[in-house]
Amino acid sequence: MPDSLQIALKNDSDSSNIHAYISGIAIQQCGQRCLLKANGKDLYFPGNPPSIGTPLAEDCAISLGSPGNTTTVTIPQIAGGRIWIVEDKLTFLLNPGPALVEPSVLNPSDPNASVNFGFCEFTLNNDQLYSNISYVDHVPRIPIAITLQQASGQSQHVVGMAPNGLDQLAESLRQQAQKDGRPWDKLIVTQEGRPLRILNATHGNAVGANFDGYYEPLIDQIWQKYQSGACMRINTQAGPGVLEGRINSNGELMIGDEAFGKPNSADVFGCNSGPFTTGPSPTRNAIIPRLAAAFHRSTLLVTEEQPSDPSTFYPQDPTNHYARLVHKVNLDGKGYAFAYDDVQPDGGEDQSGKVNAGDPVLFTVTVGGKSAAGGGGDGQQAASQQQQPLGDQQRQEYTRGPPPPPPPPGQDQQERQEGGFRGKLKGFADRFTH
């Protein structure tokens, strides 16, 4: 693995006012929080500020230039990284610590609340580069695609959305709200009459989209099924192998020797509370992602085998229509739509929109979606990649950490942004620094 890696930032939009920011934890600098400077080669380490909400001392915006331009930068090994893409610029702040206060889509008083931005996540460490297009927090208006070129000559590509992908998603959510009466349409954040972003249903309370009680009818049916003789089989895809699950006399779902109580809708959407809370048991921690994904995708009534084939995902109501439709509007059907969206059956096709390899040469982030939507350029590369699956020696699995726990009740949103929900990489980056 290299100590550094080139990242190509390609402007595939119609705007000349697109910037990138790269943030993360510098592995080779004792795990300090950092941003890449605007020159694309040096790191900026924020100092400890005198007060909450202090502006950065350095403008770290990297211009992508005019449409069609590619800007190349170099990063060292970084854990828990994000490549932020924004139309215009973002505002990062510092709290004492120092703690980097990142842009928030949940806090209406955040200075970036009306700004069009998105991001992809990555970690570059001694083992591999891992990256994904994350929709765990929200879907941005600005499309992002990623490509990883390897020393072996192979490449991996995730296409992302077309330029009008957010509009398509918004219309589909409005139709779903009319169909089932649930507030899917309230997840749409608009600006000047046009969708700016769409929040994950996990964050529905931030915009008055209340999904309390949504999954409970499905959960009751699942409990009835596995209390009436059906046997769930969870492939942990780890040392414990395949474990059987049934409802016991106490009303608990027993999977192997692990007992799971009934989740509620908040537990299912967040994947990090109730029965999905991880702990010291490696077996339980292997079960949780597969069980949580099965609830999200509503597959537990369709098949007893988990993880199940993607053809079984989202078959009925209630299900996670945000996740279902996010996959639908991404041109290759890939993208991280909830915290365990990388769960897949052995040999199954990845759903999460990730690239990873132990021999990275160039990582490209393409912004705007024009070539992907036109079926050429990146779209052709994606089709080629589907015909060139990785061999066993090239494929490296990414070992996920669990989602971070939910914040304490009443904790101020801005104060917790530095430790906020960040898909798979946030909150667990420190384990890559050792």
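The values are calculated or read from the model by the stated rules, or taken from the named source; none is laboratory data. Note that the coordinates shown come from a computational prediction; the quantities given were computed from them, not determined experimentally. Every residue, glycine among them, receives a Cβ derived from its backbone with ideal geometry; neighbour counts consider all protein chains shown.
Has region 69-76 got any residue that is assigned to a loop (DSSP other than H, G, I, E, B), over 19 Å from Pro2 (Cβ atoms) and modelled with pLDDT of 95 or more?
Yes, the conditions are met somewhere in region 69-76.
Within region 257-265, does at least one residue satisfy the condition of being surrounded by fewer than 16 Cβ atoms within 10 Å (Cβ to Cβ), assigned to a loop (DSSP other than H, G, I, E, B), not acidic (Asp, Glu) and not assigned by TED's automatic domain parsing to the domain that holds Asp346?
yes
Among the residues of region 306-314, are any assigned to a loop (DSSP other than H, G, I, E, B) and under 20 Å from Phe211 (Cβ atoms)?
Taking region 306-314 as the starting set, the residues that turn out to be assigned to a loop (DSSP other than H, G, I, E, B) are 307-309, 313-314.
Imposing the further condition that a residue be under 20 Å from Phe211 (Cβ atoms) reduces the set to 313-314.
Yes; the residues of region 306-314 include at least one that is assigned to a loop (DSSP other than H, G, I, E, B) and under 20 Å from Phe211 (Cβ atoms).
With Ile255, Ile198, Ile222, Ile247 as the choices, which residue is among the aliphatic types (A, V, I, L, M), touching a Gly at 6+ places or on another chain (Cβ under 9 Å) and touching a residue at least 24 places away in the same chain (Cβ under 8 Å)?
Exactly one residue qualifies, and that residue is Ile255.
List pairs: first residue in region 64-75 and over 13 Å from Ala38 (Cα atoms), second residue exposed (fewer than 13 other Cβ atoms within 10 Å of the Cβ) and not acidic (Asp, Glu) anywhere in the structure, Cβ distance under 7 angstrom, at least six positions apart or on different chains.
Matching pairs, first to second residue: Ser66/Ser16; Pro67/Ser16.
Out of (1) farther than 30 Å from Ser114 by Cβ; (2) part of a loop (DSSP other than H, G, I, E, B), the odd one out for Arg246 is which?
Exception for Arg246: condition (2).
Check off (1) at pLDDT 95 or above; (2) of a type in the set (S, T, N, Q); (3) more than 28 Å from Met161 (Cβ to Cβ) for Asn116 and give me the number that stays unchecked.
(3)
For the condition hydrophobic (A, V, I, L, M, F, W, C), in a helix (DSSP H, G or I) and either over 26 Å from the mean Cα position of the chain (by Cα) or under 27 Å from Asp317 (Cβ atoms) (or both), what is the one hit in Ala209, Ala170, Ala230?
Step by step, each of Ala209, Ala170, Ala230 is checked, and only Ala170 is hydrophobic (A, V, I, L, M, F, W, C), in a helix (DSSP H, G or I) and either over 26 Å from the mean Cα position of the chain (by Cα) or under 27 Å from Asp317 (Cβ atoms) (or both).
What's the number of the condition Val207 fails, among (1) in contact with a Lys or Arg (Cβ under 6 Å, 6 or more places away or on another chain); (2) surrounded by 19 or more Cβ atoms within 10 Å (Cβ to Cβ)?
The number of the failed condition is (2).
Can you find even one residue in region 137-153 that is buried (at least 23 other Cβ atoms within 10 Å of the Cβ), in contact (Cβ under 8 Å) with a residue 40 or more places away in the chain, of a type in the set (Gly, Ala, Ser) and under 22 Å from Tyr314 (Cα atoms)?
No.
Tally up the residues in region 173-182 that are touching a residue at least 24 places away in the same chain (Cβ under 8 Å) and either in contact with a Ser or Thr (Cβ under 8 Å, 6 or more places away or on another chain) or part of a helix (DSSP H, G or I) (or both), please.
Here the count works out to 3.
State yes or no: is Asn285 over 30 Å from Glu87 (Cα atoms), out of contact with any Lys or Arg (no Cβ under 8 Å at 6 or more places or on another chain), modelled with pLDDT of 95 or more and not small (Gly, Ala, Ser)?
Taking the combined requirement at face value, the residue satisfies it.
When you scan region 223-231, do you find a residue that is among the aliphatic types (A, V, I, L, M) and farther than 28 Å from Pro103 by Cα, even just one?
So far as region 223-231 goes, yes, one or more of its residues are among the aliphatic types (A, V, I, L, M) and farther than 28 Å from Pro103 by Cα.
Looking for whichever is of a type outside the set (Ser, Thr, Tyr), touching a residue at least 12 places away in the same chain (Cβ under 8 Å), over 28 Å from His321 (Cβ atoms) and outside the structural domain of Gly348 (by TED's automatic domain parsing) here; the options are Gly270, Gly239, Gly274, Gly279. Which one fits?
Step by step, each of Gly270, Gly239, Gly274, Gly279 is checked, and only Gly239 is of a type outside the set (Ser, Thr, Tyr), touching a residue at least 12 places away in the same chain (Cβ under 8 Å), over 28 Å from His321 (Cβ atoms) and outside the structural domain of Gly348 (by TED's automatic domain parsing).
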